[in-house]
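Structure, as structure tokens:
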Amino acid sequence: MKKNKVTNLKPLVETEFLSLYEAEYENKVGNKRTWTVASRKDNDTLQKQFFENKEDTADGVIIAAYHKDEKKLVIIKQFRIPLNDYVYELTAGLIDKGEDAKSTIGRELMEETGLKIVDVIKNRGTDKVYVSAGMTDESLSFVYCICEGEISDEHLEDDECIEAMLISQEEAKELIQSREKFDIKCFLLLQSFALVGEKLFIE
């Protein structure tokens, strides 16, 4: 069966953290169409991925963290401009230039929660997941880890309005029944934690 094929990629708007591209493609029945793509990547990188088979690498990290002493899940509540409201999320962040995913995990967890990573769980998570593939190519490394320390907001950047919190299994059950706003990754992890608790992190 014939497949859709992207034939051209044109930048529309390029900014420091996010750019828009118009993708021209031919659909499976031969009709020419366009699609608007949001990307964290620059034009040169994206052209090589689409037309020279360059491997897609993770743009950032998502951190599923479990506090070893409190035996609770770490989540945050963050003000997001596109929603003009707070939303429950997992700690996350973009991988800076010259940085690898592991160093990003430690930096972002400390920055957003004040907590320190004790161990990254090797047999959990995945190197790359896509957040909203109908709109963006943004890919994230999903990492499970154990952490310690006390919640603190002293490392937040000026534009970050974040409340970090530790959630028990029972609190997770209550929270997912609420009418609060959730990032989908946080909601799914809360669901899993509500079902099996620390087994998500400790075998």
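So here's what we get for this one:
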read-out: Relative exposure of HIS155, HIS67, judged by other C-beta atoms within 10 Å (fewest first); value: HIS155, HIS67
read-out: Beta bridge orientation in the range 60-200: antiparallel %, DSSP, nearest 5; value: 75
read-out: Mean residue ellipticity (222 nm) of the chain, computed from DSSP H runs ≥ 4 via -39,500 (n - 2.57), nearest 500; value: -6000 deg cm²/dmol
read-out: Distance between modelled label sites at VAL29 and ASP159, nm, 7 Å Cα→Cβ extension; value: 4.4
read-out: Computed lengthening from LYS97 to GLU198, 0.36 nm per intervening residue step minus Cα-Cα distance; value: 33.0 nm
read-out: Mean Cβ neighbour count within 10 Å, used as a protection proxy, ranking 167-179, 9-21 highest first; value: 167-179, 9-21
read-out: Cross-link partners of LYS116 among lysines (Cα-Cα below 20 Å; sequence separation of 8 or more within a chain); value: LYS68, LYS71, LYS72, LYS77, LYS102
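Each reported figure results from applying straightforward, stated rules to the coordinates on display, with no laboratory input. Being a predicted model, the structure only gives us computed values, none of them experimental. Note that we place each Cβ from the backbone using ideal geometry, even for glycine, and neighbour counts take in every protein chain shown.
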